[in-house]
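Accompanying notes for the structure given below.
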Amino acid sequence: MKNIMLTAVEARAKAQNDLGMFTEIRNIEEAILIASAAGNYEVVLSNTVMTISVVYCNVWKGAVADRAKEIQMASVVKYFTDLGYSVQRRVNPATGTTFNWVVNW
């Protein structure tokens, strides 16, 4: 008999919010393409779903525990570091409660 319950791998994948991850990664990719076409070697993003969210920032800082959001952010970092980029998160100085993605190549 086939299991009707999700496996741990399937549950983890669902928790990662596939569409949200796709959008976050595509926004960063687009910013990289635009910046590199302009001759830049760095892009700073402050207007993505993750970067405008106080919750994501608090999870990153360790102030709030949310395994799904931790995994989502780690997946974004891994995606770009696997492509050779340097990816950092920095507190957004304009808000103090959100973060910026800083990507270098």
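Read the figures in this text as sums done on the coordinates, not as results from a lab. Keep in mind that this is a model prediction, so the values were computed, not measured. Positions of Cβ are backbone-derived with ideal geometry, glycine not excepted, and every protein chain shown enters the neighbour counts.
Looking at region 82-102, can you tell me whether even one residue there is in contact with a Leu (Cβ under 7 Å, 6 or more places away or on another chain) and polar (S, T, N, Q)?
Yes, the conditions are met somewhere in region 82-102.
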Only one of (1) surrounded by 14 or more Cβ atoms within 10 Å (Cβ to Cβ); (2) among the small types (Gly, Ala, Ser); (3) in a loop (DSSP other than H, G, I, E, B) is not met by Ala35, so which one is it?
(3)
Name every residue in region 38-73 that is part of a loop (DSSP other than H, G, I, E, B), surrounded by fewer than 16 Cβ atoms within 10 Å (Cβ to Cβ) and in contact with a helix residue (DSSP H, G or I) (Cβ under 7 Å, 6 or more places away or on another chain), in order of residue number.
Val49, Val64, Asp66
If we keep only residues of region 74-94 that are free of Cβ contacts under 8 Å to residues at least 40 places away in the same chain and part of a loop (DSSP other than H, G, I, E, B), then the residue nearest to Arg26 (Cα to Cα) is Leu83
Under the condition of being surrounded by fewer than 18 Cβ atoms within 10 Å (Cβ to Cβ) and of a type in the set (Lys, Arg), which residue from region 74-91 is farthest from Ala8 (Cα to Cα)?
Arg90
